[in-house]
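See structure below.
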Ligand code: SF4
Ligand code: SF4
C-alpha cells in the first residue's frame, strides 16, 4: 500500500540538532552532545529552493508570521551558528519564501548592544519575526533576564511579529521576580508540583517522559489505555512539519521519525510512501499502536510494567528499542535515540 503525503504548506527547518541546552521536555532530543552537523551551504540552498513556492504565507500576509504558516528556522539552537542563520534568512528572502521567523531559547542575549545588533542584522536580511521559547525547562539553562531582553528588543524591531511561547510562563516568571536561571526542582517548590503546567500546552513526548517520570507529576497508564487515543495533533498533516539538516521530513512534533527525504518530496506527495518498506511508519500512520507494540515484542521489547505517561511515551519507547536493534529507515536520525536521556 502507498500512503501519499499532503503537500506541506508550512515548515520548520532544523539547521542542526545541536543546542546550548538539553531541556527536559525537548521533542527532538537536542543537546550540546550532538555532532556539529550543521547543514551545508549546498543543502541549505537545495532545500530552501524546493520550499519556495510551496510555503504559504500567514493569513495576514507574507510579512506577518503565524505558528502554522510560513517557514521558521529552528534546531537545536540556530543562534549557535549565527553566520549560517544569516545565510539561511538571506537565501529565503531571495527565494521569496513568505512569513519567515526564527525560534530561539535566547542564550545569546548577554547584553543590550549585541542583542539589538543580532536582531537588527536578521531583520535587515529579510527575517519577518521571532518566536521566543519560555517555560521552566528553558529556565534551567537560560537566565530569564536574557529572555526579557530579547522580548524587549524583538518587540521594538518586529512589533506584532513576536511570539512568546508560552506567554503564560513569561507572565508567571515576571510576577515571581525571576531574573536568573532556576532548576526545575526549585520551580516546582515555588509553584507547586501539579500546578506547573496550568493554562499551558505541554506534550509529554521526545525526552520529556524519561526526564519527568521521576517527579511523580503525571499518572502512568498501561499501554492498552493509549490504543484508541488518536495522535494529537494528527500525525499526517500539511502544516507545521519539519525538515532537518539531513533532509528528513520530520512529522509535526515527532522527533526521531522520518517520513522520507525532502529531496524526494514529489515522489512522496505523488506516489506515496511504500508501507511495506517502512513497517514502523505503517503502524503509526494507520494508528495501530497495538500492532506496533506486538511488532516490537516479537523483537524482544518488554512492555513497561509501570506503564506510560502518554501515547507519545509509548511510541518513543518502542522506537528507541527498535532503533537499537535494527536499521529502520524511518527511525532517523539515529542520534536522536542516543540523546533521549542527555
Ligand atoms: S527545547 Fe529548544 S532549547 Fe531546549 S534542548 Fe530542545 S532545541 Fe534546545
Ligand atoms: S504517538 Fe508517536 S506518532 Fe503520535 S504524536 Fe506521539 S510521537 Fe508522534
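The values are calculated or read from the model by the stated rules, or taken from the named source; none is laboratory data. Source: prediction; values computed, not measured. Heads up, the Cβs are rebuilt from the backbone with ideal geometry, glycines too, and the neighbour counts pull from every protein chain shown.
Summary table
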item	result
Residues of region 226-261 satisfying the condition of being more than 12 Å from ligand 2 (Cβ to nearest atom) and free of Cβ contacts under 8 Å to residues at least 40 places away in the same chain	228, 261
Subset tally (residues that are more than 21 Å from the chain's Cα centre (by Cα), part of a loop (DSSP other than H, G, I, E, B) and either in contact (Cβ under 8 Å) with a residue 60 or more places away in the chain or surrounded by fewer than 14 Cβ atoms within 10 Å (Cβ to Cβ) (or both)) for region 90-115	3
Test for residue 256: is it modelled with pLDDT under 95, within 16 Å of ligand 1 (Cβ to nearest atom), under 28 Å from residue 55 (Cβ atoms) and crowded, with 21+ Cβ neighbours inside 10 Å	no
All positions within region 247-261 that are part of a loop (DSSP other than H, G, I, E, B) and touching a helix residue (DSSP H, G or I) at 6+ places or on another chain (Cβ under 9 Å)	247, 251, 253, 254, 255, 256, 257, 258, 259, 260
Qualifying residue in region 262-272 (condition: part of a loop (DSSP other than H, G, I, E, B), surrounded by fewer than 17 Cβ atoms within 10 Å (Cβ to Cβ) and touching a residue at least 12 places away in the same chain (Cβ under 8 Å))	yes
Filtered residue count, region 74-84, keeping only those that are surrounded by fewer than 24 Cβ atoms within 10 Å (Cβ to Cβ), within 14 Å of ligand 1 (Cβ to nearest atom) and either assigned to a helix (DSSP H, G or I) or without any contact (Cβ under 8 Å) to a residue 60 or more places away in the chain (or both)	3
Only one of 194, 150 that is surrounded by fewer than 18 Cβ atoms within 10 Å (Cβ to Cβ) and either on the phi < 0 side of the Ramachandran plot or in a helix (DSSP H, G or I) (or both)	194
Residue list for region 311-336, filter: within 13 Å of ligand 2 (Cβ to nearest atom) and either surrounded by fewer than 20 Cβ atoms within 10 Å (Cβ to Cβ) or in a helix (DSSP H, G or I) (or both)	311, 312, 313, 314, 315, 316, 317, 318, 319, 320, 322, 336
Among (1) buried (at least 21 other Cβ atoms within 10 Å of the Cβ); (2) at positive phi; (3) within 16 Å of ligand 1 (Cβ to nearest atom), the one test that residue 240 misses	(1)
Residue that is farthest from residue 310 (Cα to Cα) [pool: residues in region 13-61 that are in a strand (DSSP E or B) and away from ligand 1 (no atom under 11 Å from the Cβ)]	61
Test result for residue 177, crowded, with 16+ Cβ neighbours inside 10 Å and away from ligand 1 (no atom under 16 Å from the Cβ)	no
Selection status of residue 18, in contact (Cβ under 8 Å) with a residue 24 or more places away in the chain and within 18 Å of the chain's Cα centre (by Cα)	yes
Some residue of region 124-144 being more than 30 Å from residue 182 (Cα to Cα) and not in a loop (DSSP other than H, G, I, E, B)	yes
Sole exception among (1) within 14 Å of ligand 1 (Cβ to nearest atom); (2) on the phi < 0 side of the Ramachandran plot for residue 106, by number	(2)
Residue 281 being more than 21 Å from residue 56 (Cα to Cα) and buried (at least 21 other Cβ atoms within 10 Å of the Cβ)	yes
Neighbours by Cβ (under 9 Å, 6+ apart or cross-chain): first from region 291-320, farther than 17 Å from residue 280 by Cβ and free of Cβ contacts under 8 Å to residues at least 60 places away in the same chain; second assigned to a helix (DSSP H, G or I) and within 15 Å of ligand 2 (Cβ to nearest atom)	302/321
